[in-house]
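Note sheet for the following structure.
The values are calculated or read from the model by the stated rules, or taken from the named source; none is laboratory data. Predicted model, so just to flag it, every value in this text is computed and none were measured. Quick reminder, even Gly has a Cβ in these numbers, built from the backbone with ideal geometry, and neighbours come from all protein chains shown.
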Amino acid sequence: MSVATPQALRQRLRDYHRIDEETLVEELIAKARFTHSEQQGIRQRATPLVQTVREQRLKSGGIDAFLTTYDLSSREGVVLMCLAEALLRIPDADTVDRLIRDKIGSTEWQKRLGASHSTFVNAGTWALMLTGQIVNLDTAQRNVSGILKRLVSRTGEPVIRQAVTTAMRILGKQFVMGRNINEALERARGAEKAGYRHSYDMLGEAARTSADALRYFDSYSKAIAAIGDAASGRPPFIAPSISIKLSALHPRYDVASEDRVRRELLPAIKALAVRAKARNIGLTIDAEEAERLELSMGLIEALATDHELIGWNGLGLAIQAYQKRALPLLDWLADVAHRGQRRLLVRLCKGAYWDAEIKIAQERGHSDYPVFTRKVTSDVSYLACARRLFADAQAFYPAFATHNAHTLAAVAEIAISAGGSDEWEYQRLHGMGEELYDQIVGARKWN
């Protein structure tokens, strides 16, 4: 049996970058296909999960019903989430007013009227709709009516600002663990008693300047210290961990600056990894846009094979199943893990930049896309990747990020078929999938 060289594995990954989707899907189906026994197991696991979630959503009220109506799959939900996250960091009233006008005033809230059984939700939709109308009145005609409307707009801004800020703080708490790492760790204690573990991410955008990068580096360093204290000596796969974005640590994290990135960014990431190793906690590198994948691969390989990091199994990364290169990437990572004599934590997710990936490929006139154009193909890719992860327990500690009942059930059955090891985990975003995961996390449940 021949063993592929690192160069051959990397070339195969490049060959799959924009491979024809129809050609690739046949390969994925063959790898992901379930046996009859697995299909029965998946059905038996997933059906009660879905039924319970549906029943609970019909009974839900208040903030839970509101979040069901405005989930993150809707434009309105994304607007509210962006607003909630941004308002936590805006210090002055004028910027708050302009942000509210931009985000709420440009969204068609009236389409959501009556979409929920909850009086609370419908009242909230009315408020958002009226707020959007008021803050958009600057475009009214220049007549007496328009003047009166603009007067209402100006006098109403302080009231709107206070109301929206308060509402967004409530909403923000649903998706944001805390304003700082210590607050987040404190809030997580209750969930940990129920059986959850946490991987902490820092709010913010990519670094635009070197000063931004230094600020994020300092935040990550302080977070590692705080998480290390909270870990209380637990091993990396059991203790709380941290997730980092490479784009937050360098202002020119792009292919055109590859030499500079390797020269300047690698020492920064290694310094964080050394800190994480000293605290014996996990450090996961988040996935970003497809065009940055190979750039990140070079950095990950350097870390995974670094002699100073030998003996620490806390290094991890996220892989996006909607990328056509997902399976070849896992083959390459397995080789890196074996060469580095380590076990990599791999967070498998569907992917979060689909719209941007499609637009970038269209703007640049590429012959095809780096991601799948159909959700069902991404789902098949996810399942094929799950089988690949379970096939090499020496190289991978799998972590399956999903809010989908069928995927949860499928992963459980794949794990059984692969030998029944319990050295893997599910992951969900804070504030999402709670009704689903409450059925599987805790004593006498799935875990």
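Things worth noting here:
- The helices (runs of 4 or more DSSP H) found entirely in region 322-402 that carry 2 or more residues being in contact with an Asp or Glu (Cβ under 9 Å, 6 or more places away or on another chain) and over 22 Å from GLU21 (Cβ atoms) are 326-339.
- In region 331-342, the residues that are assigned by TED's automatic domain parsing to the domain that holds ARG387 and farther than 10 Å from ASP392 by Cβ never reach a residue that is assigned to a helix (DSSP H, G or I) and of a type in the set (S, T, N, Q) with C-beta atoms less than 7 angstrom apart, at least six apart or across chains.
- When residues of region 423-447 are limited to those that are of a type in the set (Phe, Trp, Tyr) and assigned to a loop (DSSP other than H, G, I, E, B), the one nearest to ALA386 (Cα to Cα): TRP424
- Unmet criterion (only one of (1) in contact with a Ser or Thr (Cβ under 7 Å, 6 or more places away or on another chain); (2) surrounded by fewer than 21 Cβ atoms within 10 Å (Cβ to Cβ); (3) closer than 27 Å to VAL176 by Cα; (4) among the aliphatic types (A, V, I, L, M)) for LEU408: (2)
- Cross-chain or 6+ apart pairs with Cβ under 9 Å, region 25-50 first and closer than 27 Å to TYR437 by Cβ, then surrounded by fewer than 17 Cβ atoms within 10 Å (Cβ to Cβ) and aromatic (Phe, Trp, Tyr): GLY41/PHE34; ILE42/PHE34; ARG45/TRP446
- Condition met for ARG275 (among the basic types (Lys, Arg), in contact with a helix residue (DSSP H, G or I) (Cβ under 8 Å, 6 or more places away or on another chain), over 24 Å from ARG388 (Cα atoms) and part of a loop (DSSP other than H, G, I, E, B)): no
- Restricting attention to region 221-250, the residues being in contact with a Ser or Thr (Cβ under 9 Å, 6 or more places away or on another chain) and either among the hydroxyl-bearing types (Ser, Thr, Tyr) or part of a helix (DSSP H, G or I) (or both) number 6.
- Subset tally (residues that are without any contact (Cβ under 8 Å) to a residue 40 or more places away in the chain and buried (at least 16 other Cβ atoms within 10 Å of the Cβ)) for region 411-436: 8
For every residue, the table says whether it meets (1) in contact with a His (Cβ under 6 Å, 6 or more places away or on another chain); (2) surrounded by fewer than 17 Cβ atoms within 10 Å (Cβ to Cβ); (3) aliphatic (A, V, I, L, M).
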| residue | (1), (2), (3) |
| --- | --- |
| ALA223 | no, no, yes |
| ALA231 | no, no, yes |
| PRO236 | no, no, no |
| LYS245 | no, no, no |
| ASP254 | no, yes, no |
| SER257 | no, yes, no |
| ALA271 | no, yes, yes |
| ARG275 | no, no, no |
| ARG279 | no, no, no |
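- Any hit, region 373-387, residues being over 24 Å from HIS36 (Cα atoms), of a type outside the set (D, E, K, R) and either buried (at least 17 other Cβ atoms within 10 Å of the Cβ) or in the same structural domain as GLY311 (by TED's automatic domain parsing) (or both): yes
- Residues that are among the hydrophobic types (A, V, I, L, M, F, W, C), at pLDDT 95 or above and more than 20 Å from the chain's Cα centre (by Cα) were ranked within region 241-268; the one that is nearest to MET202 (Cα to Cα) is ALA268.
- Residues in region 172-215 that are in a loop (DSSP other than H, G, I, E, B), within 22 Å of ILE281 (Cα to Cα) and basic (Lys, Arg): ARG179, ARG197.
- Members of region 430-447 found to be in contact with a helix residue (DSSP H, G or I) (Cβ under 8 Å, 6 or more places away or on another chain) and modelled with pLDDT of 90 or more, listed by number: LEU436, GLN439, ILE440
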